Amino acid sequence: ASAVVAAPVAPGVASAYISSGTWSLVGVELDSPVLSDAARTANFTNEVGVDGTIRFLKNVMGLWVLTEMLRLWGRESDLESLLAEADDAPALASIVDVDDRAFLPPGDMESRIVDACHSTGQPVPGTPGAFVRCVLESLAVAYRRTIRLAGSLSGRTIEVVHVVGGGARHALLCQLTADACGVPVLAGRVEATALGNVLVQARALGADVPGLPAMRALVRQTHQPRRFEPRGDFDWDGAEARLLTSERQRDDR
């Protein structure tokens with residue numbers, strides 16, 4: 001809830017948010033809960049936020065797969081060069097279901113991606129950079145699907161996505177998310193949870209931030225988010241179709 005407070009959402013703009021870290025919380029902020037059967041079936045939850053708002057959200061995989069892969073490669077300190085390699089790797093070559101339970105335990109993520117590609121008839125990434133791109137694009141597709149579903153279930157057409165948390169520092173992930181969702185991504189504060197918590201406590205102690213709009217206005221005045229515009233040169237519809245195929249195979253198992 002604190003992280004969402006620090007997302008610099010502008011009044012009157014239909015926004016979604018991604019609190020992106022080891023795991024991701026993806027959703028929209030509403031005035032009232034969505035209690036439909038469709039929302040329940042889609043595994044969304046309604047969580048109370050600041051000032052009686054509702055965080056209508058779903059848990060999605062985060063950077064866990066990437067960080068665990070880097071750990072087993074022994075390349076945790078080599079992320080920047082791997083991201084550069086990933087940026088040059090072929091786009092949307094392989095999309096895996098990062099929410100598959102196979103990716104939850106620690107261990108050999110590379111071999112699990114290989115197995116997922118084999119089971120769905122997709123090419124196996126051939127380089128470390130291609131593996132990294134596969135993970136980031138698969139995350140972006142999962143974000144795209146969840147954000148569009150959150151918008152549909154809540155009756156909103158999403159105009160912008162705010163990314164806060166550790167994922168906000170990953171420019172390639174933010175760009176891919178903008179591309180996949182087809183709307184701008186605003187990458188905000190990495191330590192959004194701490195910032196939002198400080199704002200709420202400051203108000204409790206009498207600071208002149210009387211409500212959530214005032215707190216967010218202060219965030220916008222003091223922290224300039226990085227903006228990523230969507231590029232329309234890749235087949236994200238086809239990528240999502242491959243994700244759906246992976247999900248059906250997961251459900252069959």
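The values are calculated or read from the model by the stated rules, or taken from the named source; none is laboratory data. From a predicted model like this one, the values you see are computed outputs, not experimental measurements. Positions of Cβ are backbone-derived with ideal geometry, glycine not excepted, and every protein chain shown enters the neighbour counts. Ligands, DNA and RNA are stripped out before the accessible areas are found, and what is left, the full protein with its side chains, is counted by its heavy atoms. Shrake-Rupley method; radii C 1.70, N 1.55, O 1.52, S 1.80 Å.
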Open item on the list: Given the options Val183, Val161, name the one that is out of contact with any helix residue (DSSP H, G or I) (no Cβ under 8 Å at 6 or more places or on another chain), crowded, with 17+ Cβ neighbours inside 10 Å and under 30 Å from Asp37 (Cβ atoms).
Closed with: Val183
Task: Enumeration of residues in the range 147-170 that are free of Cβ contacts under 8 Å to residues at least 60 places away in the same chain and small (Gly, Ala, Ser) - done: Ser152, Gly155
TODO: Please note which strands (runs of 3 or more DSSP E) are completely contained in the range 159-253 and include at least 1 residues that are more than 24 Å from Leu149 (Cα to Cα).
DONE: 226-228
Open item on the list: Restricting to the range 211-233, name every residue that is within 27 Å of Leu172 (Cα to Cα) and open to solvent by 70 Å² or more (accessible area, probe 1.4 Å).
Closed with: Arg220, Gln221, Thr222, Gln224, Arg226, Arg227, Glu229, Arg231, Gly232, Asp233
TODO: Would you mind stating whether Glu85 is in contact (Cβ under 8 Å) with a residue 40 or more places away in the chain, more than 26 Å from Phe234 (Cα to Cα) and acidic (Asp, Glu)?
DONE: no
Open item on the list: Quick check on the range 66-79. Is at least one of its residues at pLDDT below 95, assigned to a helix (DSSP H, G or I), surrounded by 16 or more Cβ atoms within 10 Å (Cβ to Cβ) and over 20 Å from the mean Cα position of the chain (by Cα)?
Closed with: no
Task: Residue that is least open to solvent (accessible area, probe 1.4 Å), among those in the range 186-210 that are under 24 Å from the mean Cα position of the chain (by Cα) and without any contact (Cβ under 8 Å) to a residue 12 or more places away in the chain - done: Val198
TODO: Filter the range 99-155 down to the residues that are among the hydrophobic types (A, V, I, L, M, F, W, C) and not in a helix (DSSP H, G or I), then identify the one that is nearest to the chain's Cα centre (by Cα).
DONE: Leu104
